[in-house]
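The values are calculated or read from the model by the stated rules, or taken from the named source; none is laboratory data. Since we're looking at a predicted model, the values are computed, not measured. Methodologically, a virtual Cβ is constructed for each residue, glycine included, from the backbone with ideal geometry; neighbour enumeration extends over all protein chains shown. For accessibility, only protein heavy atoms count, side chains too; no ligands or nucleic acids. Shrake-Rupley method; radii C 1.70, N 1.55, O 1.52, S 1.80 Å.
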Amino acid sequence: MNRGSGTGIAWLVADRARGDYLCQWYGGSADDSLLEQARAATAQAAVSWGRSRTPRVRIRTATGRTYWAGSGPKPDGITDGWVDEIEGPGAVAPPGLTGTSVP
């Protein structure tokens, strides 16, 4: 495993039925090989998991919004960056912050 190698992309997706996040790290020449997967109890824990593996991290929250949580360049189609605690208890998104829904 190339943990922390900075390659690939992490996809973090809210699982509404379970109330947690499915975390998947993909790599390979086309980022299409699953390298590792896990579950995280919160969005913040999921983002931390992804960032520990790669600078390319995207998260789809329970509200159906997709944010870029990575430190690498944002891919086309994602304009909004992740704000820590955005979905935590009592959290309020900064004015003008919106997500990009991914079909």
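Quick rundown of the values:
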| item | result |
| --- | --- |
| Hey, Ala30 modelled with pLDDT under 95, open to solvent by 30 Å² or more (accessible area, probe 1.4 Å) and assigned to a helix (DSSP H, G or I) or not | no |
| Residue in the range 59-77 that is in a strand (DSSP E or B), open to solvent by 20 Å² or more (accessible area, probe 1.4 Å) and among the small types (Gly, Ala, Ser) present | no |
| Flag if Thr7 is among the polar types (S, T, N, Q) and over 17 Å from Ser71 (Cβ atoms) | no |
| Candidate set from the range 39-58 (those that are not in a helix (DSSP H, G or I) and not hydrophobic (A, V, I, L, M, F, W, C)); member that is nearest to the chain's Cα centre (by Cα) | Arg58 |
| Looking only at the range 33-48, and only at residues there that are touching a residue at least 40 places away in the same chain (Cβ under 8 Å) and of a type outside the set (A, V, I, L, M), the one that is nearest to Ile9 (Cα to Cα) | Gln44 |
